Amino acid sequence: MARPIWSGAINFGLVTIPVELYSATEDHTISFRQFERGTSDRIRYKRINERTGKEVAFSDIVKGADVGGGEYVIIEPEELDQIAPGRSRTIDINSFVDLEDIDPIHFQKTYWLAPAKEEYSKSYSLLLQAMEKTNRAGVASFVMRGKEYLTAVRAGDGLLVLNTLLFPEDIRDPAKELKSLPEVASARGKEIDMAVNLIESMSDEWRPDEYHDTYTEQVEKLIESKREGKEIVAEAEPSEPTKVVDLFEALSRSVEGRKKGRAAPKSPNLDDLSKADLDKLAKELDVKGRSKMNRDELAKAVADAQSTAAAS
């Protein structure tokens, strides 16, 4: 069983809920060691004092802020705690916003929040259910491991989820990073219609279980093949860019290919859909007041809207 990476409390209004923070994701990328080519000698990194050339214990390392001119201000860990007492122990919700209003570019990493003790389950469940009903996220800040994080606390599938967010100053300006911003060329009506048809023909439900890290699988096969002394088979080269003169033809052939290779999709069973899926359907059907509905209310509203659309 995983151990919490942080413990503290959620504060909103005058309500305080002690919680524990758990990492919701993990990296399955294959880790490689470094070797000198032609040898079996490992390459290792050490914390070396550049003046003495001696290795330094991690406990003897402190932080230094560059103030220019080759000068540094040395900061001890306890000094960082003193300037913000309590900040590293609370998640302070400042406001609640519509989850759909947060641009995905801000999302960074996902964590789970659980009540610290069973006795706090009631207040935890109250916040969870209220956020499910409103489809809102609590914008909060907290300090973990000496760094302040902007976060969105939201309702997940039966538990509270915390997403760390990038601050506005962390997001680069494309006008400064790109050599030139792309010019939006005027497309012909038929091209737009065909592109829309292609998107519609490729539209599907979000099924995350159907997606896997195929690149890591290829790396694993490469390692196994080399271990067994087998010949390495190269993959096909990526497709060439579509020429402008062939764009309409490429779109047309893509749409036709989708029509031939795909059966008409069945209408989903509303009882099997999550609240997020129902909310997506409700948005597509332009159901009013959906953000304030719970799951059962959303299912009924979607069913009614579908019946109305089918009858018209």
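The values are calculated or read from the model by the stated rules, or taken from the named source; none is laboratory data. This is a predicted model, so every value here is computed, not measured. We place every Cβ from the backbone using ideal geometry, glycine too, and count neighbours over all the protein chains shown. Only protein heavy atoms, including side chains, enter the accessible area calculation; ligands, DNA and RNA are left aside. Shrake-Rupley method; radii C 1.70, N 1.55, O 1.52, S 1.80 Å.
Of all residues in the stretch 202-238, those that are over 29 Å from residue 25 (Cβ atoms) and either at pLDDT 80 or above or part of a loop (DSSP other than H, G, I, E, B) (or both) total 11. Listed by first and then second residue, the pairs linking a residue in the stretch 146-162 that is part of a loop (DSSP other than H, G, I, E, B) to a residue that is open to solvent by 60 Å² or more (accessible area, probe 1.4 Å), with Cβ atoms under 9 Å apart and 6 or more places separating them unless they lie on different chains, are 146/63; 146/77; 146/80; 146/81; 156/112; 157/276; 159/112. Within the stretch 271-289, the set of residues being free of Cβ contacts under 8 Å to residues at least 60 places away in the same chain and either part of a loop (DSSP other than H, G, I, E, B) or touching a strand residue (DSSP E or B) at 6+ places or on another chain (Cβ under 9 Å) (or both) comprises 273, 285, 286, 287, 288, 289.
Residues checked against (1) open to solvent by 70 Å² or more (accessible area, probe 1.4 Å); (2) at pLDDT below 80; (3) in contact with a Phe, Trp or Tyr (Cβ under 8 Å, 6 or more places away or on another chain):
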residue	(1), (2), (3)
240	yes, yes, no
257	no, yes, no
260	yes, yes, no
271	yes, yes, no
286	yes, no, no
291	no, yes, no
298	no, no, no
305	no, no, no
311	yes, yes, no
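Considering only the stretch 151-186, how many residues are closer than 30 Å to residue 277 by Cα and either touching a helix residue (DSSP H, G or I) at 6+ places or on another chain (Cβ under 6 Å) or open to solvent by 40 Å² or more (accessible area, probe 1.4 Å) (or both)? Break it down into steps so the answer makes sense when it comes.
Going residue by residue through the stretch 151-186, those that are closer than 30 Å to residue 277 by Cα are 151-168, 171.
Then keep just the ones that are either touching a helix residue (DSSP H, G or I) at 6+ places or on another chain (Cβ under 6 Å) or open to solvent by 40 Å² or more (accessible area, probe 1.4 Å) (or both); that gives 154-155, 157-160, 165-168, 171.
Residues that pass the stated criteria total 11.
Checked against the criterion of being open to solvent by less than 90 Å² (accessible area, probe 1.4 Å), closer than 30 Å to residue 216 by Cβ and modelled with pLDDT of 90 or more, the candidates 38, 53, 138 yield just one match: 38.
Going by the structure shown, is residue 40 of a type in the set (Gly, Ala, Ser), touching a residue at least 24 places away in the same chain (Cβ under 8 Å) and at negative phi?
no
Report whether or not residue 105 is under 31 Å from the mean Cα position of the chain (by Cα), β-branched (Val, Ile, Thr), farther than 13 Å from residue 155 by Cβ and open to solvent by 50 Å² or more (accessible area, probe 1.4 Å). When the stated conditions are applied, residue 105 passes them. Has the stretch 73-95 got at least one residue that is farther than 24 Å from residue 163 by Cα, open to solvent by less than 90 Å² (accessible area, probe 1.4 Å) and modelled with pLDDT of 90 or more? Within the stretch 73-95, one or more residues are farther than 24 Å from residue 163 by Cα, open to solvent by less than 90 Å² (accessible area, probe 1.4 Å) and modelled with pLDDT of 90 or more.
State yes or no: is residue 186 over 23 Å from the mean Cα position of the chain (by Cα), assigned to a loop (DSSP other than H, G, I, E, B) and free of Cβ contacts under 8 Å to residues at least 24 places away in the same chain? Please lay out each step first, then the result.
Working: over 23 Å from the mean Cα position of the chain (by Cα): yes; assigned to a loop (DSSP other than H, G, I, E, B): yes; free of Cβ contacts under 8 Å to residues at least 24 places away in the same chain: yes.
Spelling it out, residue 186 is indeed over 23 Å from the mean Cα position of the chain (by Cα), assigned to a loop (DSSP other than H, G, I, E, B) and free of Cβ contacts under 8 Å to residues at least 24 places away in the same chain.
Pairs are defined by a Cβ separation below 8 Å, a sequence spacing of at least 6 or placement on different chains, a first member in the stretch 290-309 that is within 14 Å of residue 269 (Cβ to Cβ), and a second member that is open to solvent by 70 Å² or more (accessible area, probe 1.4 Å) and among the charged types (D, E, K, R); the pairs so defined are 299/271.
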